[in-house]
Amino acid sequence: MKLAVLRLSHRVIRDKRISTHLALTARAFGAEEFFYTGDHDTHVEESIQKIQQEWGGELAVTHIGKPWNFLKDWKKQGGVVIHLTMFGIELSDKLEEIQDFREGNVLIVVGGVKVPGQIFELADFNIAIGNQPHSEVAALAVFLDRITEGKARKQKFQDANYEIVPMEKGKQAKKI
Ligand code: SAM
């Protein structure tokens, strides 16, 4: 399954950290691409580049100017759209159905400010990570972790300059 993430309605002032955290989460939990709509903010791209220079990986970050065209094209090309929302169906009840698309391109959509109703219509799945409001970062992490069966977060990244040496106490990173 090729996983990509679309973050809707990024706002430069309010969402700088959270959109960067979404991209970091996408990278760490197995997505290959990160798209965002709303304000174009090079801070998001630069932060990920900086992390990847040290820790490796090649998550591509792209601003999308025309979200509807992008989403329609994604579907036209046979991709699946999964919108994460507390109003959707609990992930555990849909996991098997989603796993049927393991050969496909899956776009995971997360909101910020109010998500337009058309997204709920356009999505192939509206999935809840529990039916309580929490955060797009939490929703994305849980979704990706479940869909990759916890494997993606254990991956080694290509071209890393540093690697953590896991330990019970203390902090160590070694140069590789
Ligand atoms: N009312 C929103 C909703 O539809 O889930 C909550 C807004 S929340 C600040 C921003 C984003 O976090 C949502 O657009 C959704 O993608 C994600 N989110 C929050 N809680 C969620 C949940 N329980 N399940 C899935 N996604 C959630």
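The values are calculated or read from the model by the stated rules, or taken from the named source; none is laboratory data. Keep in mind it's a predicted model, so treat the numbers as computed, not measured. Cβ placement follows ideal geometry from the backbone for every residue including glycine, while neighbour counts extend to all protein chains displayed. We work out accessible area using only protein heavy atoms, side chains counted, and drop any ligands, DNA or RNA first. Shrake-Rupley method; radii C 1.70, N 1.55, O 1.52, S 1.80 Å.
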_Residues that are closer than 22 Å to Ala173 by Cα and of a type in the set (S, T, N, Q), drawn from segment 141-157_ = Gln155
*Identify all residues within segment 79-89 that are crowded, with 16+ Cβ neighbours inside 10 Å and either at positive phi or in a strand (DSSP E or B) (or both); write none if there are none.*
Val80, Val81, Ile82, His83, Leu84, Thr85, Gly88
*Of the residues Val81, Val106, Val115, Val110, which is without any contact (Cβ under 8 Å) to a residue 60 or more places away in the chain and under 27 Å from Ser47 (Cα atoms)?*
Val81
_Restricting to segment 90-135, count the residues that are near the ligand (Cβ under 10 Å from one of its atoms), surrounded by fewer than 16 Cβ atoms within 10 Å (Cβ to Cβ), of a type outside the set (D, E, K, R) and not in a loop (DSSP other than H, G, I, E, B)._
1
_In segment 136-155, the residues that are more than 12 Å from the ligand (Cβ to nearest atom), open to solvent by less than 70 Å² (accessible area, probe 1.4 Å) and either among the β-branched types (Val, Ile, Thr) or assigned to a helix (DSSP H, G or I) (or both)_ = Leu144, Asp145, Ile147, Thr148, Ala152
